[in-house]
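Participant: Here it is, the structure in full.
The values are calculated or read from the model by the stated rules, or taken from the named source; none is laboratory data. Note that the structure is predicted; figures quoted are calculated from it, not measured. Note that each Cβ is placed from the backbone with ideal geometry, even for glycine, and that neighbours are counted across all protein chains shown. Accessible surface areas use protein heavy atoms only, side chains included; no ligands, DNA or RNA. Shrake-Rupley method; radii C 1.70, N 1.55, O 1.52, S 1.80 Å.
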Amino acid sequence: MKHSTMPLTSLVPSNDISGPIPESVASLTKLTMFDIGLNQISGNVPNSLSGMSSLTALYIGFNKLVGPMPTTVSSLTQLAVINMQNNFLTGSLPTSIGKLTQLTELELSNNQLSGSIPTELGLLLRAEIFDLAHNNLTGSIPTELLNLPAGTFM
């Protein structure tokens with residue numbers, strides 16, 4: 001019997017799933033896409049997401065998630081997509097997101113994020129979609145964001 005080389009994905013978007021993301025997601029080390037967007041997921045985004053070491057796409061937008069964006073997300077070095085838009089995330093943007101050099105999409109719009117935009121986000125040289133709209137961010141736009149590729153949607 002051959003083992004499949006197909007990437008493992010979790011696709012359960014657009015349902016009525018509720019409750020928190022369990023800490024046990026850390027055991028899903030082979031998962032490449034985690035899509036639980038458009039549900040009723042609540043609670044904090046768990047630090048244990050960092051255990052999902054093969055993750056390339058994280059879709060947890062359009063839920064009822066609260067609290068800060070965990071800094072441990074920056075340990076997911078293969079991430080190309082972070083979509084946490086339309087939740088109730090608070091606090092500042094972690095500077096460590098700038099370490100995610102494979103990131104092509106960063107969608108954090110329609111939350112309650114505050115503080116300034118970290119200059120480290122200018123290190124996301126592969127970014128095609130960069131959306132921080134409709135938050136409580138303050139200060140000026142860092143000149144480092146001019147390093148983002150031409151045509152990047154902001």
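Participant: Can you confirm whether the stretch 32-45 contains a residue that is at positive phi and surrounded by 16 or more Cβ atoms within 10 Å (Cβ to Cβ)? Lay out the reasoning, then the answer.
Facilitator: Keep residues of the stretch 32-45 that are at positive phi, which gives 38, 43.
Filter again for surrounded by 16 or more Cβ atoms within 10 Å (Cβ to Cβ), leaving 38.
Within the stretch 32-45 (the criterion being at positive phi and surrounded by 16 or more Cβ atoms within 10 Å (Cβ to Cβ)), the answer is yes, since at least one residue qualifies.
Participant: Six or more apart or on different chains, Cβ under 9 Å: which pairs go from a residue in the stretch 38-49 that's part of a loop (DSSP other than H, G, I, E, B) to one that's open to solvent by less than 10 Å² (accessible area, probe 1.4 Å) and of a type in the set (Lys, Arg)? Could you list them?
Facilitator: Close Cβ pairs satisfying both conditions: none exist.
Participant: When only residues in the stretch 133-154 that are over 13 Å from residue 115 (Cα atoms) and among the polar types (S, T, N, Q) count, which is surrounded by the fewest Cβ atoms within 10 Å (Cβ to Cβ)?
Facilitator: 143
Participant: Right, next: Among all residue pairs at least 6 apart or on different chains, which show Cβ distances below 8 Å where the first residue, located in the stretch 93-112, is touching a residue at least 40 places away in the same chain (Cβ under 8 Å) and farther than 18 Å from residue 141 by Cβ and the second is of a type in the set (S, T, N, Q) and part of a loop (DSSP other than H, G, I, E, B)?
Facilitator: Sorted first by the residue in the stretch 93-112, then by its partner, the pairs are 102/56; 102/77; 102/78.
Participant: I need a count of the residues in the stretch 103-132 that are under 12 Å from residue 93 (Cα atoms), out of contact with any helix residue (DSSP H, G or I) (no Cβ under 7 Å at 6 or more places or on another chain) and open to solvent by 40 Å² or more (accessible area, probe 1.4 Å).
Facilitator: Matching residues across the stretch 103-132 total 3.
Participant: Quick check: anything in the stretch 86-105 under 23 Å from residue 15 (Cα atoms), at pLDDT 95 or above and in a loop (DSSP other than H, G, I, E, B)? Spell out how you get there, then give the answer.
Facilitator: Residues of the stretch 86-105 under 23 Å from residue 15 (Cα atoms): 86-89.
Those still in the list that are at pLDDT 95 or above too: 86-89.
Among the residues that remain, those that are also in a loop (DSSP other than H, G, I, E, B) are: 86-87.
Yes - at least one qualifying residue is present in the stretch 86-105.
Participant: Could you list, in sequence order, the residues of the stretch 53-73 that are hydroxyl-bearing (Ser, Thr, Tyr) and within 15 Å of residue 107 (Cα to Cα)? Quick ask: steps written out before the conclusion?
Facilitator: Kept after step one, since they are hydroxyl-bearing (Ser, Thr, Tyr), are these residues of the stretch 53-73: 53-54, 56, 59, 71-72.
Residues satisfying the conditions are 56, 59.
Participant: If I filter the stretch 58-68 down to residues being aliphatic (A, V, I, L, M) and open to solvent by less than 10 Å² (accessible area, probe 1.4 Å), which single residue comes out as nearest to residue 125 (Cα to Cα)? Steps first, please.
Facilitator: So the first thing to find is which residues in the stretch 58-68 are aliphatic (A, V, I, L, M), and the list is 58, 60, 65-66.
With open to solvent by less than 10 Å² (accessible area, probe 1.4 Å) added as a condition, the list becomes 58, 60, 65.
Values: 58: 19, 60: 23, 65: 28 Å.
Once the filter is applied, the top-ranked residue is 58.
Participant: Something else: So for the stretch 14-31 (the condition being in contact with a strand residue (DSSP E or B) (Cβ under 7 Å, 6 or more places away or on another chain), of a type in the set (Asp, Glu) and either open to solvent by 40 Å² or more (accessible area, probe 1.4 Å) or more than 27 Å from residue 144 (Cβ to Cβ) (or both)), does at least one residue qualify?
Facilitator: yes
Participant: Being under 15 Å from residue 86 (Cα atoms), under 17 Å from the mean Cα position of the chain (by Cα), part of a loop (DSSP other than H, G, I, E, B) and modelled with pLDDT of 95 or more, is that true of even one residue in the stretch 135-152?
Facilitator: Taking every residue of the stretch 135-152 in turn, at least one turns out to be under 15 Å from residue 86 (Cα atoms), under 17 Å from the mean Cα position of the chain (by Cα), part of a loop (DSSP other than H, G, I, E, B) and modelled with pLDDT of 95 or more.
Participant: Pull out all pairs, ordered by first then second residue, where Cβ-Cβ is under 9 Å, the residues are six or more apart or on different chains, the first lies in the stretch 118-134 and is in a helix (DSSP H, G or I), and the second is modelled with pLDDT under 95 and acidic (Asp, Glu).
Facilitator: If the second residue must be modelled with pLDDT under 95 and acidic (Asp, Glu), the pairs left are 119/144; 120/144; 121/144; 122/144; 123/144.
Participant: Looking at the stretch 1-32 only, could you name the residues that are part of a strand (DSSP E or B) and at pLDDT 90 or above? It would help to see each step written out before you state the result.
Facilitator: In the first step, residues of the stretch 1-32 are kept if they are part of a strand (DSSP E or B); the result is 8-11, 18-19, 31-32.
Those that are part of a strand (DSSP E or B) and at pLDDT 90 or above: 18, 19, 31, 32.
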